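Shown next, in structure tokens, is the structure this report addresses.
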Amino acid sequence: MPLPDATPDKRIYELLKTTDLENLTFEDFQGVAEKVFVEQGAEDTLRRIILVNLARLAVVGEWSGLTDAGGGTFNVNLTKAEAIESNMDTDVVTTTAPWGVSGGDLSAEFVRQAPQYYPFIASTTGTVASMLINVDTAATGTNTLQCAIYSDNDGVPNTVLTKCTFDGETGGDQEQTSLTGTASLTRGDQYWIGHCETSSPGFKVMALAGYAPYCGQSAGPASGYRLLSETGTDFSLPTTTTPANLTGSTYKGNFCVGLTYD
């Protein structure tokens, strides 16, 4: 039933009339609604904003709030190279809010043979073109490190989107462009880094300072887990994790991983 004495719509319905609710994204809705002034003259438009967004949220099954992007996203937005004429092209996910921590290294810490996982929030919408790590001390023998990006399933690492293998016999920065699988990330969504050695332990990687944020519930107020560790699959990252085999790990710090995008 129309609002009594409502003014004819010239904005909300008019600009969105060619998009059905199933395909109406938060970005589409926000672009139409965000420039409306909060004043008495816009009262009818404000009512329509509430009605359309409630209808959109009902269709997509998200009731986390009118101001959410329909998915509870965290809108990290890093400065990009082209914006400031710079050579900055690597997204170091281990230092990016809200899961990242800045400064320091724990190069004495070894990468583990059991898969280890930590979360990150994508700061860019794009397809991952390469993954980077830094090997602090090169190994002797045939030591390799497997690294992967996993999807998230309600706060748990789920399925491999893309992965690669690094050579532990080479020190310093390493960039791997030979990736298996495609990781098309969406800014604001959560993903996981998974890593493990694929041969006998023996080399070190550059790690963050050892007090990274806790990534899950703990056993009590005096404990906290910075990583999730998976049993039953040593020296190999599984295609899909087994949640029953995941447990909290107090291992200090998450080794640095950088991403570049197409």
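Just so you know, all these numbers are worked out from the coordinates, no wet-lab data involved. The structure presented is a predicted model; accordingly, all values stated were derived computationally and were not measured. Methodologically, a virtual Cβ is constructed for each residue, glycine included, from the backbone with ideal geometry; neighbour enumeration extends over all protein chains shown.
Structure data summary
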{"item": "Full-stretch length increase - Thr159, Ala55 - with 0.36 nm per residue and alpha-carbon distance subtracted", "result": "34.3 nm"}
{"item": "Those aspartates and glutamates that a straight Cα-Cα span of less than 13 Å connects to Lys17, excepting residues fewer than 8 apart in one chain", "result": "Asp9, Asp28"}
{"item": "Cleavage-rule hits, chymotrypsin sites (Phe, Trp or Tyr not before Pro), the stretch 117-169, DSSP coil, Cβ neighbours within 10 Å at most 13", "result": "none"}
{"item": "Label-point separation in nm, Asp9 to Thr170, each point 7 Å along Cα→Cβ", "result": "5.8"}
{"item": "Where labels lie 7 Å past Cα in the beta-carbon direction, separation of Thr240 and Thr25 in nm", "result": "2.7"}
{"item": "Added length on full extension, which subtracts the Cα-Cα distance from 0.36 nm per residue, Thr250 to Gln113", "result": "47.8 nm"}
{"item": "Estimated FRET transfer efficiency (Thr144, Val92; beta-carbon r; R0 22 Å; 0.05)", "result": "0.50"}
